[in-house]
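Visitor: Below you will find the structure I want to go over with you.
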Amino acid sequence: TINDGDGGLLDILPHPESEKNHKLFYVYSFQNEQGFSLGVEQAKLEKDSLVDRKRLFTAQPYCDQASFYGSRLLWKDGFLYISTGVDKSKQDSAQLLTNHLGKIMRIKDDGTIPTDNPFVNVPGALPEIWCYGTRNPQGLTINPTTGEIWAHEHGPKGGDEINIIKGGKNYGWPIITYGKEYDDTPVGEGITEKEGMEQPIHYYVPSIAPSGMVFYTGDKYPGWKGNLLTGSMVLTHLNRSIIRDNKVIHEERIFKDLKWRVRNVVQSPDGYLYMGVDGGMILKLLPEATGL
């Protein structure tokens, strides 16, 4: 992997039958003579080694710098979903179906393309694309109540978003956004909505810099069942959101005084939450530590 910019090992996802086949998926950034890109592979875990590695997906085109990979993996109904970011110098690419930048892809576990993907029969469109117009998505999960895919993404200066992901939809970047450029000038025309483009169900101004995302389904933390947990890097906290009718009705910002850049949050099979933070720590959340 290449660790420049936002690069590195970006996500790991066990195959749904991993207890039997010992397979997993992972996505990482890399560099070769063509430039920088990201790849998704499937491999088999044997003791401490990955064997039978197979490349399932390579993002196109290659880029001349390493940044805004934004990638997360999700398995749903027999398909693998892959999110990708788009660098500022190429941000208009997020609106084009001829590349993989600023998109969410949907493939089978052998790398082939589902025949019912929304752009399979669109001339010039890459058939892997499930939806487009995303900026830098670093969270991807399933709402257990509705079965829908939820994603979040980084805005520029402000404008982080939470979206419900649906096939064929355009999520607007960089045409619409609730954020500004880093020098406080408008992004594009400075508009926040446009016909044919999806509105986020929630957005953040100022940015929290979200990373990692999971709906809590266990019983270890009283009152948290059904809540959405996300990491926050720039505001250094674990974000707990209460959801009603696909709206965020209340938020709690946990551990903010500890100044941890929370990179990921996951739920273990036994119902405990684990956080990964910048600097290398992996932390198990004990109910008493959350103030419950």
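Visitor: Which whole-number value in Å³ per residue fits the convex hull of the alpha carbons of the chain?
Guide: So the per-residue Cα hull volume is 144 Å³.
Visitor: Excluding same-chain pairs closer than 8 in sequence, count the lysine pairs in segment 116-200 whose Cα atoms lie under 18 Å apart.
Guide: Value for segment 116-200: 4.
Visitor: To continue, here is another question. Excluding ligands, DNA and RNA, what is the solvent-accessible area per residue of the chain at a probe of 1.4 Å, expressed in Å²?
Guide: That works out to 47 Å² per residue.
Visitor: Quick one: the Cα spread of segment 140-292 along its three principal axes, in angstroms, biggest first?
Guide: Principal-axis extents of the Cα atoms in segment 140-292, largest first: 48, 34, 24 Å.
Visitor: At 7 Å along Cα-to-Cβ for each site, give me the label-to-label distance between LYS47 and LEU258 in nm.
Guide: Placing both labels 7 Å along Cα→Cβ, they lie 3.5 nm apart.
Visitor: A further question on this structure: May I ask you to evaluate 6.51 cos²θ - 1.76 cosθ + 1.60, the Karplus curve with θ = phi - 60°, for each residue of segment 257-263 and list the ³J(HN,Hα) values in order in whole Hz, giving x for glycine and proline?
Guide: Residue by residue, segment 257-263 yields 6, 7, 6, 8, 7, 7, 8 Hz.
Visitor: R0 = 41 Å: FRET efficiency of GLU193 with GLN31, Cβ-based, nearest 0.05?
Guide: The formula returns an efficiency of 0.60 here.
Visitor: Here's something else I'd like to know. Around LEU10, what is the net charge, scoring Lys/Arg as +1 and Asp/Glu as -1 over all other residues with Cβ under 11 Å from its Cβ?
Guide: Residues close to LEU10 contribute a combined charge of 0.
Visitor: Normalised by the residues of segment 116-174, what does the relative contact order come to in percent, with Cα pairs under 8 Å and at least six apart?
Guide: About 34 percent, as a whole number.
Visitor: Now a separate question. Roughly how many debye, to the nearest 20, is the charge dipole of the chain about its Cα centre, given +1 on each Lys and Arg Cβ, -1 on each Asp and Glu Cβ, and no other charges?
Guide: Computed about the Cα centre, the dipole is about 440 debye.
Visitor: Fully extended, how many nm does the chain gain between GLU19 and ASN121 (0.36 nm per residue separation, minus their Cα-Cα distance)?
Guide: Gain in length upon complete extension: 33.1 nm.
Visitor: Using the Kirkwood formula on the Cα atoms of segment 88-176, what hydrodynamic radius do you get, in angstrom to one decimal?
Guide: Roughly 13.6 Å, rounded to one decimal.
Visitor: Hey, what did the chain get for relative contact order, percent, Cα under 8 Å, at least 6 apart?
Guide: 9
Visitor: Additional query: What does the helix-only formula give at 222 nm for the chain: each DSSP H stretch with n ≥ 4 adding -39500 (n - 2.57), the total divided by the residues, and the result rounded to the nearest 500 deg cm²/dmol?
Guide: 0 deg cm²/dmol
Visitor: Now for a separate question. By the scheme Lys and Arg +1, Asp and Glu -1, what is the net charge of all other residues having a beta-carbon under 10 Å from that of SER83?
Guide: Residues near SER83 contribute 0 overall.
Visitor: Here's a follow-up. Please report, in debye to the nearest 20, how large the charge dipole of segment 8-140 is about its Cα centre when each Lys and Arg carries +1 at its beta carbon and each Asp and Glu carries -1 there.
Guide: 140
Visitor: How many Lys pairs in segment 56-133 lie less than 20 angstrom apart by Cα atoms, where the lysines are 8 or more positions apart or on different chains?
Guide: 4
Visitor: Working with all protein chains in place, sort TYR182, TYR26 by solvent-accessible area computed with a 1.4 Å probe, largest first.
Guide: Output order, biggest surface exposure first: TYR182, TYR26.
Visitor: Based on the alpha-carbon gyration tensor of segment 1-117 and its eigenvalue square roots a ≥ b ≥ c, which shape applies: rounded if a/c is under 1.5, prolate if not and a/b is larger than b/c, or oblate?
Guide: oblate
Visitor: Additional query: Using Cα pairs closer than 8 Å and at least 6 residues apart in sequence, work out the relative contact order for segment 138-292, in percent.
Guide: 17
Visitor: Another question, then. How do ARG72, ARG53 stack up against each other in accessible area, from largest to smallest, with a 1.4 angstrom probe?
Guide: Result of the area sort, largest leading: ARG53, ARG72.
Visitor: If you don't mind, there's one more thing I want to ask. Find how much the distance from LYS247 to GLU181 grows on full extension, using 0.36 nm per residue of separation minus their present alpha carbon separation; answer in nm with one decimal.
Guide: Contour length minus Cα-Cα distance gives 21.1 nm.
Visitor: Excluding residues on the same chain fewer than 8 positions from LYS247, give the aspartates and glutamates whose Cα lies under 20 Å from its Cα.
Guide: The reachable aspartates and glutamates, counting only those whose Cα sits under 20 Å from LYS247, are GLU148, GLU153, ASP160, GLU161, GLU193, GLU198.
Visitor: Please give the Cα centre distance for segment 127-154 versus segment 21-89, rounded to the nearest Å.
Guide: Taking the Cα centre of each part, segment 127-154 and segment 21-89 sit 16 Å apart.
Visitor: Expressed as a whole number of Å, what is the distance separating the alpha-carbon centroids of segment 225-292 and segment 176-222?
Guide: 18
Visitor: Determine the share of the chain's accessible area contributed by carbon and sulfur atoms, expressed in whole percent, with a 1.4 angstrom probe.
Guide: Summing carbon and sulfur atoms, their accessible area is 49 percent of the total for the chain.
Visitor: How much accessible surface area, in Å² rounded to 10, belongs to the heavy atoms of MET233 with a 1.4 Å probe?
Guide: Roll a 1.4 Å probe over it and MET233 shows about 10 Å².
The values are calculated or read from the model by the stated rules, or taken from the named source; none is laboratory data. These numbers come from a predicted model, not from an experiment. Cβ sites come from the backbone with ideal geometry, for glycine too, and all protein chains shown count toward neighbours. SASA here: full protein model, heavy atoms, side chains in, ligands and nucleic acids out. Shrake-Rupley method; radii C 1.70, N 1.55, O 1.52, S 1.80 Å.
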